[in-house]
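Note sheet for the following structure.
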Amino acid sequence: MSALSRLPVRLLAFNILLVFLPAAGILFLDTYERHLLDAQERTMAQEGRLLAAALEASGDLDATHARAILVKLGQRQLARLRLVDGTGAVLADSALLGPRRPPDEPSLSPTAALTVPPQQRLLYLIGSLPFRLLRGSGEPDDERDPLDADTGTLTGPEVRAALEGRYGAATRVLGDAARTVMLHIAIPVRLDGEVAGAVVVSQSTRRIMATLYAVRLDVFRVFLASLAVAVVLTLVVATTIARPLARLRLRAGEILDRRGRLTGGFEPSRRRDEIGDLERALAELTRRLEEHLRHTESFAADVSHEFRNPLASIRTATEMALEVEDPEERRHFLEMAQRDVARMERLLSEAREISRIDAHLDEEDRAPVALAALLGGLVESFRLRSGDSGPSFALDGGSEQVMVFGSADRFTQVFDNLLANAASFSPPGGRVTVTLRAAGGQADVVVADEGPGIPEEHRDRIFARFFSWRPAEQAAEHTGLGLAIVRAIVEGYGGRVCCRPRRPHGSEFVVTLPRLPSGASRPARGPASAETIEPDDRNPASGAPEQPVGGGTHQPE
Amino acid sequence: MRRRSLGTAPLFVARCARLRYARGVSGTIAIVEDEQNIRDTVAFALRREGYQVTAFADGAAAWEAFQRSLPDLVVLDIIMPRMDGLELLRRIRSQSATLPVIFVTSRDEEIDRVLGLELGADDYLCKPFSMRELMARVKVLFRRLALAAHPGDDAEQLLEVGRLTLDLRRYTAIWVGSPVPLTVTEFMILRALARRPGHVKTREQLMDEGYPHDTFVSDRTIDSHIKRLRKKFLVIDAGFDRIDTVYGLGYRWAEGTA
């Protein structure tokens, strides 16, 4: 299953580790066991001292008296209490005394093996396998009790220690599945400052081991259940994370065919998580890539289409020039061919211009440009070229101190194209008005004419490449790239350009550019421009500092 | 294969047609083209051939005039402001199913749209086209029109190859009894293939036959003509497989009497 490769395996490992660590702590660490054993030893020592104190108080190590105390104590004791004299001979033994109260647990008899229900035994064996491997199974000691069977005296090291006046303790391994041991402690009994005997308390750890056994079994059960949950969770994660990722990878691999063309695409996901975000980002990326490729492709097709008309005209005109005999007619056709050659040149240079703007505008030198001075010069030159019959030109807002950041040549190109466009649509004696306004962080330049205006259905397309809405007679003079160049430059500088109708007639072209704060030598990349300028998809507004001049030096027309 | 009469070279056919129309059968031709230079030059050339020419800068202006009276033939651009050539052809066809229409276009890819729409353009030329080629096509179409109006007028010139019959004077093809609607160019290419069944015609040879007056035709043009030829036959006969591609060489009309 491919979903279980790499990422899911790692997730599974982490999940198991998370379950395993606390469980292993309880299963394999001795903390809990040691704590319980300590508590048991303290209880036993307490009992021994009580008995020793009682005997010391009586001032006599009398066997009968001791037996009487043991009988009373033994009714409530789980431990075996023995009293020995100075030689280790047993004076009294709670195990040999009178009717004992029935034990709470059936397995408490010292010699009984720890019994395990068979259905739990396998589980316990599996669970305790690493535990046993780690410690090794305890070998049972030969002597299970300090009692010397031959002499009937207690001779263990703990008894010797007590008879020498110290506290004595010893453990003897009984050896069974739960590593049960017998715990013996000995307390000296002093009479008149002399050690007269000792109290020996013996108890098996079986009770503790039984408790521990139950706890461990429970923990192991929980561990197994958690393990199952971890595996299930990992599988769920694998299907919700790894599978979609694998699918995305597959899609990414298929997106280009062998010839490097975009064939597929990512479908926008409805997932709300990070994978959905990734999927959406990839879908957006391929969509833009596709759009860009289509754009480039259609531009190439458009250019070829635009070239064919003048080419067809040249071909037919020269054909006719060769056929006609009248020199006037021949001249007419040759001149026609020449005009179309000029038109092809114009087309070529503008097409080249626009692709240069697309590719290299960011690399061109930029500097602060005073818009008022630039517009003033342009309006003046149009006024001079216009003559008597042409439109008149006016600049409003020429005293505004508006600085923009970019190439002066490019800004000239923008407004030159807009003015030429306005002039060409102006009726005789019409008026072309250029208005400059600073508004917050932006500069608005409006070029208004009194021409026929642009039908609403074409207002969006007017800036498209090769789109032209001109009377057919004028079409040959215009390439349909002028306004496209305007848009490419303005958007390249992080601005916008739009077209709207003017009252009572005519059109207005509005150029909005990010304004340079007065005194600054380059645009602030702060909120001042970010608020007002929508980032452009194709050419993000880059307030790029001066960079080495690329190949894109502009030739003003 | 048997021939009832010898096929004639297209140049000869064109010359005959010219004589015929020069004798006073002058047609009216409308040229609809937004490029002024092309429009003027084509109109000039057609007038020189003796036709009556009216020129329009867009489809809407032409349609206004056509509603009063239809011309005998239309030379039509596709991309034009106000009303494009496709829409104008659709409207022309609503009035007349047989009025000959030649497209001149600057976009190859539009041709498939034109023919895909089954609007029935009679021929097309890609810009930049040869004026002589256009004149020759106009003549062929006028002749076809004249012969269609007078069936059996002249001695028939038929070329029969198996189940294919070509009417060499009317520029029409019949496959197993059904007429195949071919453009003039497609007919000329098919004629070149059918004249020598089993023999490979290179793309260059087919270009010479399909565009006798034009030396600047790309060989890809032949491929797309062949593709459309096959498609048109397949519409009539789903099992059609007579046009073979000989890789690296060209095309041939597959031999066999079946």
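The values are calculated or read from the model by the stated rules, or taken from the named source; none is laboratory data. What you see is a predicted model; the values in this text were computed from it and never measured. In this analysis, Cβ positions are derived from the backbone assuming ideal geometry, glycine residues included, and neighbour counts consider all displayed protein chains.
Can you pull out the strands (runs of 3 or more DSSP E) entirely within segment B:142-211 that have at least 1 residues that are touching an Asp or Glu at 6+ places or on another chain (Cβ under 7 Å) and farther than 27 Å from B:Ile29 by Cα?
Details: elements: B:158-161, B:164-167, B:172-175, B:178-180.
Correct list: B:158-161, B:172-175.
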Pair list, Cβ < 9 Å and 6+ apart or interchain, from segment B:167-181 residues that are touching a residue at least 40 places away in the same chain (Cβ under 8 Å) and assigned by TED's automatic domain parsing to the domain that holds B:Asp122 to residues that are outside any strand (DSSP E or B) and loosely packed, with under 15 Cβ neighbours inside 10 Å: none
Residue count, segment B:164-209 (criterion: of a type in the set (Phe, Trp, Tyr) and out of contact with any helix residue (DSSP H, G or I) (no Cβ under 6 Å at 6 or more places or on another chain)): 1
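Has segment B:229-243 got at least one residue that is of a type in the set (Asp, Glu), in a loop (DSSP other than H, G, I, E, B) and free of Cβ contacts under 8 Å to residues at least 40 places away in the same chain? Outline the logic, then answer.
Start the filter on segment B:229-243 by keeping residues that are of a type in the set (Asp, Glu), which leaves B:237, B:241.
Then keep just the ones that are in a loop (DSSP other than H, G, I, E, B); that gives B:237, B:241.
Among the residues that remain, those that are also free of Cβ contacts under 8 Å to residues at least 40 places away in the same chain are: B:241.
Checked segment B:229-243: at least one residue is of a type in the set (Asp, Glu), in a loop (DSSP other than H, G, I, E, B) and free of Cβ contacts under 8 Å to residues at least 40 places away in the same chain.
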Extreme residue, surrounded by the fewest Cβ atoms within 10 Å (Cβ to Cβ), among residues of segment A:211-238 that are hydroxyl-bearing (Ser, Thr, Tyr) and within 30 Å of A:Ala39 (Cα to Cα): A:Thr211
Number of positions in segment A:149-159 that are in contact (Cβ under 8 Å) with a residue 24 or more places away in the chain and not in a loop (DSSP other than H, G, I, E, B): 4
Meets criteria (more than 11 Å from every other protein chain (Cβ to nearest Cβ) and touching a Leu at 6+ places or on another chain (Cβ under 6 Å)) for A:Phe266: yes
Residues located in segment A:385-425, provided they are in a strand (DSSP E or B) and either touching a Pro at 6+ places or on another chain (Cβ under 7 Å) or surrounded by 21 or more Cβ atoms within 10 Å (Cβ to Cβ) (or both): A:Phe393, A:Met403, A:Val404, A:Phe405, A:Gly406
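Going by the structure shown, is A:Ser269 among the hydroxyl-bearing types (Ser, Thr, Tyr) and within 34 Å of the chain's Cα centre (by Cα)? Talk me through it step by step, then tell me what you get.
On the way: among the hydroxyl-bearing types (Ser, Thr, Tyr): yes; within 34 Å of the chain's Cα centre (by Cα): yes.
Yes; evaluated as a whole, the condition is true for this residue.
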Among (1) assigned to a helix (DSSP H, G or I); (2) of a type outside the set (Val, Ile, Thr); (3) closer than 30 Å to A:Val9 by Cα; (4) without any contact (Cβ under 8 Å) to a residue 40 or more places away in the chain, the one test that A:Ala246 misses: (4)
Among residues of segment B:127-147, those that are touching a Gly at 6+ places or on another chain (Cβ under 9 Å) and polar (S, T, N, Q), counted: 0
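Among the listed residues A:Arg383, A:Arg339, identify the single one that is within 30 Å of B:Glu33 (Cα to Cα) and more than 46 Å from the chain's Cα centre (by Cα).
Answer to the check: A:Arg339.
Of all residues in segment B:39-77, how many are assigned to a helix (DSSP H, G or I), within 14 Å of chain A (Cβ to nearest Cβ) and in contact (Cβ under 8 Å) with a residue 12 or more places away in the chain?
Just the residues of segment B:39-77 that are assigned to a helix (DSSP H, G or I), to begin with: B:39-48, B:59-68.
Narrowing the set further to residues that are within 14 Å of chain A (Cβ to nearest Cβ) leaves B:39-48, B:59-62.
Now restrict to residues that are in contact (Cβ under 8 Å) with a residue 12 or more places away in the chain: B:39-43, B:45-46, B:59-62.
So the count comes out to 11.
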Candidates A:Glu297, A:Glu254, A:Glu291, filtered to the one that is farther than 30 Å from A:Arg352 by Cβ, loosely packed, with under 13 Cβ neighbours inside 10 Å and at pLDDT below 85: A:Glu254
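Restricting to segment A:313-370, count the residues that are more than 14 Å from chain B (Cβ to nearest Cβ) and assigned to a helix (DSSP H, G or I). Give the steps one after another, and end with the answer.
The initial filter retains those residues of segment A:313-370 that are more than 14 Å from chain B (Cβ to nearest Cβ), namely A:327, A:345-346, A:348-370.
Subsequent filtering for residues that are assigned to a helix (DSSP H, G or I) retains A:327, A:345-346, A:348-363.
Total satisfying the criteria: 19.
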Residue pairs meeting the criteria (Cβ under 6 Å; at least 6 apart or on separate chains; first surrounded by fewer than 18 Cβ atoms within 10 Å (Cβ to Cβ), in segment A:426-449; second small (Gly, Ala, Ser) and not in a loop (DSSP other than H, G, I, E, B)): A:Arg431/A:Ser392
Checklist (1) at the interface with another protein chain (Cβ under 8 Å from one of its Cβ atoms); (2) not in a helix (DSSP H, G or I) applied to A:Ala301, failing item: (2)
Given (1) more than 8 Å from chain B (Cβ to nearest Cβ); (2) at pLDDT below 90; (3) more than 50 Å from the chain's Cα centre (by Cα), number of the condition A:Asn309 does not satisfy: (1)
Within segment A:6-45, considering residues that are in contact with a strand residue (DSSP E or B) (Cβ under 9 Å, 6 or more places away or on another chain) and of a type in the set (S, T, N, Q), the one farthest from A:Leu91 (Cα to Cα): A:Gln40
